Amino acid sequence: LKFSHDGSKLATASSDNHTRVWEWRLGTVLVGPTEGHTSFVSSVVWFPGDEGLVTASGDKAVRRLKALTGEELGEPFGAHENEVAFLTLSTDGSLLASTSRGNTLKLWNATT
């Protein structure tokens, strides 16, 4: 799970294959459950400005979503050979790093 940069929302990754965005102060779901992943969602990060999310999954995929609608942005990033375990995004939002359970690290241009 990860708080938005402005602290108003919380994105959660779930074993039910979905991501949700919460208005945590009210305990209400703003977005989700999202579609796309076919296995548990293991990690979620916010883009700077809180307009987008990146999710990682046991289905070996890394996906980009609009944070306020859950709509997928383009095709998934190239897949890992094993379950994707963790994500992190550079502070300027230009570089994404993902790791898999197969002990691999991939770096992605997050803007393209």
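Would a scan of region 93-101 turn up a residue that is out of contact with any Pro (no Cβ under 6 Å at 6 or more places or on another chain), of a type in the set (Lys, Arg), open to solvent by 60 Å² or more (accessible area, probe 1.4 Å) and modelled with pLDDT under 90? Yes, region 93-101 has at least one match.
Within region 21-29, identify whether any single residue is open to solvent by 30 Å² or more (accessible area, probe 1.4 Å) and hydroxyl-bearing (Ser, Thr, Tyr), and answer yes or no. Within region 21-29, one or more residues are open to solvent by 30 Å² or more (accessible area, probe 1.4 Å) and hydroxyl-bearing (Ser, Thr, Tyr). When Val29 is tested against (1) closer than 22 Å to Leu107 by Cα; (2) modelled with pLDDT of 95 or more, only condition (1) is not met. Contact annotation: residue pairs with Cβ atoms under 7 Å, 6 or more positions apart or on different chains, pairing a residue in region 12-31 that is in contact (Cβ under 8 Å) with a residue 12 or more places away in the chain and assigned to a strand (DSSP E or B) with a partner that is of a type outside the set (A, V, I, L, M, F, W, C) and open to solvent by 80 Å² or more (accessible area, probe 1.4 Å), are Val31/Thr69. Restricting attention to region 47-58, the residues that are open to solvent by 10 Å² or more (accessible area, probe 1.4 Å) and touching a residue at least 40 places away in the same chain (Cβ under 8 Å) add up to 4.
The values are calculated or read from the model by the stated rules, or taken from the named source; none is laboratory data. Being a predicted model, the structure only gives us computed values, none of them experimental. Please note: Cβ atoms are built from the backbone with ideal geometry, for glycine as well, and neighbour counts cover all protein chains shown. In case anyone asks, the SASA skips ligands and DNA or RNA and just uses the protein heavy atoms, side chains included. Shrake-Rupley method; radii C 1.70, N 1.55, O 1.52, S 1.80 Å.
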